[in-house]
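Written out below as structure tokens is the structure these notes cover.
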Amino acid sequence: MSKPSTQAERLTRIETLLETLVQDKLEAMATDIRAIRADVEADKAELAALKNKGSGILIGVGLAGGAIGAGLSQFISGFLK
């Protein structure tokens, strides 16, 4: 590899090297961002599933509690009559 003879040639070579390095870094960052975005989307989907499951469990527990309360109320009122 020969040395550039003029300052313009040297600056052009430096600029080319910098552009290559920056482009490589940007591509690596873009890849990382895509991976992070995929992880975040997966986490959001899991949280939504847990939220839906949790709501269903709460509704089921509420219904069961209401049924037990009503049954106990009837049972106790039967003894008091």
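With respect to the chain, whose longest principal axis is taken over its alpha-carbon atoms, helix 7-80 is tilted by about 0°.
Computed on the chain, the Cα convex hull volume stands at 86 Å³ per residue.
Just so you know, all these numbers are worked out from the coordinates, no wet-lab data involved. On a predicted model such as this, the values are computed, not experimentally measured, just so you know.
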